[in-house]
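Reviewing the structure listed below.
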Amino acid sequence: MKKLITLCLALVTMLGAKAQQLNPVNWMATYKSISATEGEIIITAKIEKGWHTYSQRPTDAGPIPTSIQFNPSSQFQLLGKTTETDAHEEFVKAFDAKIFVFTDKAEFKQKIKLNAKPGFTVVFKVEYMTCNDMMCLPPKMVDLTVKIQ
């Protein structure tokens, strides 16, 4: 009987560890200069096949929309709001609603005005949620940086 309980506990522990290892979305950021005083931070998420993440558009249906929070700095100023490209509306079974999602890739852009010479780093956080047809992972916060050159 002890062996059976030990085996069950080991299986539950292994399954829990495997679930924590799931990371179907990988984020990265790059910087593109527009002029001597303006640029654009491009934030890209590569999403594994079968998974999706959500638009910044708020919804009452349930999922946490993607949000991006830039750490304030005297070295730059945000110009407008963060934009997104290629979100498409689809019916998501987990929430029984039509929601704007990204599959394969998500891209967000934030224009900035430089208040200092290039060579500094912009620090920010991305909060997002990801699901597949079987389950949703808890919302996750990712810390990112991008060098302004």
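The values are calculated or read from the model by the stated rules, or taken from the named source; none is laboratory data. All of these numbers come straight from a predicted model, not from anything done at the bench. Reconstructed Cβ throughout: ideal geometry from the backbone, glycine too, with neighbour counts over all protein chains shown.
Report, by residue number, each residue of segment 113-136 that is of a type outside the set (Ser, Thr, Tyr) and either assigned to a strand (DSSP E or B) or touching a Leu at 6+ places or on another chain (Cβ under 6 Å) (or both).
Lys113, Leu114, Val122, Val123, Phe124, Lys125, Val126, Glu127, Cys131, Cys136
Looking across segment 115-136, the residues that are farther than 13 Å from Gln69 by Cα and either buried (at least 18 other Cβ atoms within 10 Å of the Cβ) or modelled with pLDDT under 95 (or both) come down to Met129, Thr130, Cys131, Asn132, Asp133, Met134, Met135, Cys136.
Within segment 85-101, the set of residues being acidic (Asp, Glu) and more than 18 Å from the chain's Cα centre (by Cα) comprises Glu90, Asp96.
In the set Thr53, Thr66, Thr83, Thr30, which member is touching a residue at least 60 places away in the same chain (Cβ under 8 Å), polar (S, T, N, Q) and surrounded by fewer than 18 Cβ atoms within 10 Å (Cβ to Cβ)?
That would be Thr30, the only listed residue that is touching a residue at least 60 places away in the same chain (Cβ under 8 Å), polar (S, T, N, Q) and surrounded by fewer than 18 Cβ atoms within 10 Å (Cβ to Cβ).
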